[in-house]
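The values are calculated or read from the model by the stated rules, or taken from the named source; none is laboratory data. Bear in mind the structure is a predicted one, so any value in this text is a computation, not a measurement. Don't worry about glycine lacking a Cβ; one is built from the backbone with ideal geometry, like all the others, and counts go over all protein chains shown.
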């Protein structure tokens, strides 16, 4: 992604948060990014293309933050905190700060199902890598790292969309972490 594309995506995301996806036009994005409409269309074919690129960029940033956090996290508990922060807490806080959170969620879900699926796979891969360190404990519980990663990604993604407030989200994530720790333990095999 070029710097110009990143600037466009960040401008678009600011508008999505402020006005919602439906009420943001390509003209609005061009104006916010301080570029011509033609320059915008040279970079992105339509608003759905901008949405997909936004998801890609924010997933890439989240994955980079996870890798930095995992480099210093020692326990499974700490590693889950790192992933849950990027997968649930940060997106939750960002969307809750927007008066158009529901429109953003609906707009992104409609326009970008494939990107969202790729995003899910990226988070699952990180979780699977973390859980692979406990594969023997998981096997004793009848689980594989892949199965536990998938169920965790789904549960945490659901928690961020269904939590009523930050306290509720924290409680849901704590419960999810407790389940993982009870099955996988916090000691490497």
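Any idea which of (1) buried (at least 20 other Cβ atoms within 10 Å of the Cβ); (2) over 15 Å from the mean Cα position of the chain (by Cα) is the one residue 32 doesn't satisfy?
Checking residue 32 against (1) buried (at least 20 other Cβ atoms within 10 Å of the Cβ); (2) over 15 Å from the mean Cα position of the chain (by Cα), the one that fails is (1).
Among 116, 66, 108, which is closer than 21 Å to residue 152 by Cβ, at pLDDT below 90 and in contact with a helix residue (DSSP H, G or I) (Cβ under 7 Å, 6 or more places away or on another chain)?
Selected residue: 116, the only one of 116, 66, 108 that is closer than 21 Å to residue 152 by Cβ, at pLDDT below 90 and in contact with a helix residue (DSSP H, G or I) (Cβ under 7 Å, 6 or more places away or on another chain).
Taking only segment 28-49 into account, find how many residues are closer than 19 Å to residue 113 by Cβ and either modelled with pLDDT of 95 or more or assigned to a loop (DSSP other than H, G, I, E, B) (or both).
Filtering segment 28-49 down to residues closer than 19 Å to residue 113 by Cβ leaves 44-49.
Filter once more, keeping what is either modelled with pLDDT of 95 or more or assigned to a loop (DSSP other than H, G, I, E, B) (or both): 44-46.
The total comes to 3.
Specify which of the listed residues (90, 129, 121) is assigned to a helix (DSSP H, G or I), at pLDDT 85 or above and surrounded by 16 or more Cβ atoms within 10 Å (Cβ to Cβ).
Result of the check over 90, 129, 121: 90.
Scan segment 37-50 for residues that are surrounded by fewer than 18 Cβ atoms within 10 Å (Cβ to Cβ), more than 12 Å from residue 4 (Cα to Cα) and touching a helix residue (DSSP H, G or I) at 6+ places or on another chain (Cβ under 8 Å) and jot them down. Let's see the steps before the verdict.
Within segment 37-50, the subset surrounded by fewer than 18 Cβ atoms within 10 Å (Cβ to Cβ) is 37-39, 41-42, 45-46, 48-49.
Subsequent filtering for residues that are more than 12 Å from residue 4 (Cα to Cα) retains 37-38, 41, 45-46, 48-49.
37, 41, 46, 48 - these are the residues of segment 37-50 that are surrounded by fewer than 18 Cβ atoms within 10 Å (Cβ to Cβ), more than 12 Å from residue 4 (Cα to Cα) and touching a helix residue (DSSP H, G or I) at 6+ places or on another chain (Cβ under 8 Å).
Would you confirm, using the coordinates I've provided, whether residue 148 is under 19 Å from the mean Cα position of the chain (by Cα), assigned to a helix (DSSP H, G or I) and within 13 Å of residue 87 (Cα to Cα)?
No.
Just wondering, is there one or more residues in segment 19-27 that are without any contact (Cβ under 8 Å) to a residue 24 or more places away in the chain, under 22 Å from residue 117 (Cα atoms) and in a helix (DSSP H, G or I)?
Within segment 19-27 (the criterion being without any contact (Cβ under 8 Å) to a residue 24 or more places away in the chain, under 22 Å from residue 117 (Cα atoms) and in a helix (DSSP H, G or I)), the answer is no, since none of the residues qualifies.
Which ones in segment 155-177 are loosely packed, with under 13 Cβ neighbours inside 10 Å, in a helix (DSSP H, G or I) and modelled with pLDDT under 95?
Of everything in segment 155-177, just one residue is loosely packed, with under 13 Cβ neighbours inside 10 Å, in a helix (DSSP H, G or I) and modelled with pLDDT under 95, namely 162.
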